[in-house]
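All of the numbers you see were taken from the coordinates with simple rules; none came from a lab. On a predicted model such as this, the values are computed, not experimentally measured, just so you know. Quick reminder, even Gly has a Cβ in these numbers, built from the backbone with ideal geometry, and neighbours come from all protein chains shown.
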Amino acid sequence: MTSVTVYSAGPACVQCRQTFKHLERRGVDFTEVDLRATVAALEYVTDQLGYSQAPVVVVDDEPENHWYGFRPDLIDRLAIGRAS
């Protein structure tokens, strides 16, 4: 089963909300981690993955399988991959 984690910047983040909605519409289960509340998560996203914007989506905790921003194309690809 695919594990999806979305690192968000909280409820004021428009791209984060769009990402959540699209994941839900496509039937992809995910876990949200609020970067404002978790120092270790913020360090992971900035230091290890190299991002300075949210949301950051990480699939299966694989270093090569992640992106930032609202990416419906990648969410759709993820949903299609789960269905096959």
*State to the nearest 20 debye the size of the charge dipole of the stretch 4-83 about its Cα centre, where the only charges are +1 on K and R beta carbons and -1 on D and E beta carbons.*
440
*Normalised by the number of residues in the chain, what is the relative contact order in percent for Cα pairs under 8 Å and 6+ residues apart?*
38
*asked:* For the pair Asp60/Glu43, report the inter-label distance in nm, with labels modelled 7 Å from Cα in the Cβ direction.
replied: 2.8
*Please turn the phi angles of the stretch 33-47 into ³J(HN,Hα) values with the Karplus equation 6.51 cos²θ - 1.76 cosθ + 1.60 (θ = phi - 60°), one per residue in order, whole Hz, x for glycine and proline.*
10, 7, 5, 6, 9, 10, 4, 4, 5, 4, 5, 4, 5, 7, 7
*Report the antiparallel proportion of the DSSP beta bridges in the chain as a percent, rounded to a multiple of 5.*
65
*Over the Cα atoms of the chain, how large are the radius of gyration and the largest Cα-Cα distance (Dmax), in Å?*
12.0, 36
*³J(HN,Hα) across the stretch 64-81 via Karplus (A = 6.51, B = -1.76, C = 1.60, θ = phi - 60°), whole Hz, x for Gly/Pro?*
9, 10, 7, 7, 10, x, 7, 10, x, 4, 6, 5, 4, 4, 5, 5, 5, x
*Going by how many other Cβ atoms sit within 10 Å of their own, how do Tyr44, Tyr7 line up, fewest first?*
Tyr44, Tyr7
